[in-house]
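Structure record follows, encoded as structure tokens.
The values are calculated or read from the model by the stated rules, or taken from the named source; none is laboratory data. Keep in mind that this is a model prediction, so the values were computed, not measured. Every residue, glycine as well, gets a Cβ built from its backbone with ideal geometry; the counts of neighbours run over all protein chains shown.
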Amino acid sequence: MKTVWIVNHYATDPQETASGSRHFSLSRGLVERGWNVVLLAASTEHPSGLRRRGLPERGASDRVRDGVTFRFLPASEYRGGLSRLRNMAAFTAALLRRASVRGLPRPDVVIGSTVHPLAAWAASILARRAGVPFVFEIRDLWPQTLIDMGKLPPRGPVTWMLRRLERALCARAAAVITLLPFASEYLVSQGVPADKVVWISNGTDTADFTGATREANDDFVFMYLGSVGRANGVGAIVDGFLAVAVDDLRLRLVIVGDGAERAAIERRVAASLSAGQVAFESPVPKDQVPSLVGRADAMVINILDLDVYRYGVSMNKLFDYAASARPILIASNARNNLVADADAGMVVPADDATALGKAMAEMSSRSAAKDRERWAANARAHVVANYDYRALAARLDDVLLACITPAEKRPA
């Protein structure tokens, strides 16, 4: 049996949280195709930074879910800033300790996935020790994303170091996987051969979603599901909603998630005339997402207007929204747009609270009922056809087999 190790600092068990489940879903598909899959992740959850439920304070811990083996390695808890950097360093150091992978089946190939590149670098060391191919998966373009968000200058020692590390990992890799549909343009500009780059998007497990219609009542519920940080643009969603909700008491907004901006947004809502029409709820595990979105009439997302999105976006929550057969309101200037491609809802400019509010009023109107039915059906059909994780796992299977199969033995 072929074995792949997948290193992702933030990989999650779907019974823990709604985020970070990409590699579990892909792994489950690989298991169905005859692979033995080990997911190497940190003992802490993201974004809370707290130790995962049920794990010991010290040492590695294993867990098996649907044939996928998780090995959680010890890492310090964090609250952001320097403590998060310490967490990254602790996980990287744990990966490099030979005792951390003792007892695991020898890999035939190792995947190292960002967000942060140190984990991917450590994965490349594991691959070299085992004498097997290394596959580099880029989920965020570091340092380019940090530059475009204003967290790093275009030039400077940290930027230089991250750029150099990114290039080195691409050079070591037998294949480079990107989640963004146009990221190959950036990677080629950095000297990566075009034929080494493979696009494997995020997606969703469409079979987990029934697409059931919500029970009819007088309320119209918009829902946002995901992190509530600066990069998530939730403030504009809330501001747009508050601008129109005061004139339509049917409207409701449910924010499900947590993050650094939530407290400030909650205070803003509490001071408004429509405070009773907005609800904030705690994050839920991935396996509860299908029933959660079933409470909504429409889903909403705001994608900030960042230069890095010229390479596209690939957000798990958007695929979950579509799989649930709900119309989607998206504020985005990104180069790709699932909602526009599928005719799955309404599109407004990125981070435009006024436009979001007007679109909420229009989408929720009784006269838009037929449009909502069409948008919902189109959303689910599009994601089933293009972004189901079983199909994406088949693509990953092809990439891994190409990496471990000598060129002379590959089919013509």
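Scan segment 247-264 for residues that are outside any loop (DSSP other than H, G, I, E, B) and either of a type in the set (D, E, K, R) or in contact with a Phe, Trp or Tyr (Cβ under 8 Å, 6 or more places away or on another chain) (or both) and report the count. Here the count works out to 7. For Leu318, the test of being assigned to a strand (DSSP E or B), crowded, with 19+ Cβ neighbours inside 10 Å and in contact (Cβ under 8 Å) with a residue 12 or more places away in the chain is failed.
Out of all the residues in segment 273-281, is one or more among the charged types (D, E, K, R), surrounded by fewer than 20 Cβ atoms within 10 Å (Cβ to Cβ) and part of a strand (DSSP E or B)? Yes, segment 273-281 contains a residue that is among the charged types (D, E, K, R), surrounded by fewer than 20 Cβ atoms within 10 Å (Cβ to Cβ) and part of a strand (DSSP E or B).
All of Arg63, Arg79 fail the test of being over 27 Å from Arg172 (Cβ atoms) and either in contact with a strand residue (DSSP E or B) (Cβ under 6 Å, 6 or more places away or on another chain) or surrounded by 23 or more Cβ atoms within 10 Å (Cβ to Cβ) (or both), apart from Arg63.
Among the residues of segment 192-246, just one is free of Cβ contacts under 8 Å to residues at least 60 places away in the same chain, crowded, with 17+ Cβ neighbours inside 10 Å and assigned to a strand (DSSP E or B), namely Val197. Hey, any hits in segment 282-295 for a residue that's at pLDDT 95 or above and either touching a strand residue (DSSP E or B) at 6+ places or on another chain (Cβ under 9 Å) or under 23 Å from Arg230 (Cα atoms) (or both)? No; the residues of segment 282-295 include none that is at pLDDT 95 or above and either touching a strand residue (DSSP E or B) at 6+ places or on another chain (Cβ under 9 Å) or under 23 Å from Arg230 (Cα atoms) (or both).
Set side by side, the residues Ile111, Ile138 differ, and just one is closer than 20 Å to Tyr309 by Cα and crowded, with 22+ Cβ neighbours inside 10 Å, which is Ile138.
Considering the conditions (1) within 23 Å of His46 (Cβ to Cβ); (2) touching a residue at least 60 places away in the same chain (Cβ under 8 Å), Glu281 is excluded by exactly one of them, (2). Here Ala264 meets the list (1) in contact with a helix residue (DSSP H, G or I) (Cβ under 9 Å, 6 or more places away or on another chain); (2) modelled with pLDDT under 95; (3) of a type in the set (A, V, I, L, M) almost entirely, failing just condition (2). Within segment 36-66, the set of residues being aliphatic (A, V, I, L, M) and at pLDDT 90 or above comprises Val37, Val38, Leu39, Leu40, Ala41, Ala42, Val64. Inside segment 63-80, residues that are among the charged types (D, E, K, R) and closer than 19 Å to Leu26 by Cα make up a count of 4. Restricting Ala216, Ala263 to residues that are hydrophobic (A, V, I, L, M, F, W, C), within 21 Å of Arg380 (Cβ to Cβ) and in the same structural domain as Pro349 (by TED's automatic domain parsing) narrows the list to Ala216. Quick one: would you say Arg326 is of a type in the set (Lys, Arg) and surrounded by fewer than 21 Cβ atoms within 10 Å (Cβ to Cβ)? It is false that Arg326 is of a type in the set (Lys, Arg) and surrounded by fewer than 21 Cβ atoms within 10 Å (Cβ to Cβ). Summed over segment 284-302, residues that are touching a residue at least 60 places away in the same chain (Cβ under 8 Å) and outside any loop (DSSP other than H, G, I, E, B) total 12. If the condition is being free of Cβ contacts under 8 Å to residues at least 60 places away in the same chain and touching a helix residue (DSSP H, G or I) at 6+ places or on another chain (Cβ under 9 Å), then segment 32-45 contributes Gly34, Val37, Leu39, Ala41, Ala42, Ser43, Thr44.
Evaluation of Glu373 against the conditions (1) without any contact (Cβ under 8 Å) to a residue 12 or more places away in the chain; (2) more than 24 Å from Asp208 (Cβ to Cβ) shows that the sole unmet condition is (2).
This table checks each residue for (1) within 30 Å of Glu32 (Cα to Cα); (2) surrounded by 18 or more Cβ atoms within 10 Å (Cβ to Cβ); (3) touching a Pro at 6+ places or on another chain (Cβ under 8 Å); (4) assigned by TED's automatic domain parsing to the domain that holds Thr213.
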residue: Ala334; (1), (2), (3), (4): no, yes, no, yes
residue: Met346; (1), (2), (3), (4): no, yes, yes, yes
residue: Asp351; (1), (2), (3), (4): no, yes, no, yes
residue: Ala369; (1), (2), (3), (4): no, no, no, yes
residue: Trp375; (1), (2), (3), (4): no, yes, yes, yes
residue: Ala381; (1), (2), (3), (4): yes, no, no, yes
residue: Arg395; (1), (2), (3), (4): yes, no, no, no
residue: Asp398; (1), (2), (3), (4): yes, no, no, no
residue: Ala402; (1), (2), (3), (4): yes, no, no, no
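List the number of the failed condition for Thr210; all other conditions in (1) assigned by TED's automatic domain parsing to the domain that holds Leu356; (2) at pLDDT 90 or above; (3) among the β-branched types (Val, Ile, Thr) hold. Here Thr210 meets the rest and fails (2).
Just to be sure, is Ser21 in contact (Cβ under 8 Å) with a residue 40 or more places away in the chain, hydroxyl-bearing (Ser, Thr, Tyr), over 26 Å from Ser282 (Cα atoms) and buried (at least 18 other Cβ atoms within 10 Å of the Cβ)? For Ser21, the condition - in contact (Cβ under 8 Å) with a residue 40 or more places away in the chain, hydroxyl-bearing (Ser, Thr, Tyr), over 26 Å from Ser282 (Cα atoms) and buried (at least 18 other Cβ atoms within 10 Å of the Cβ) - is not met.
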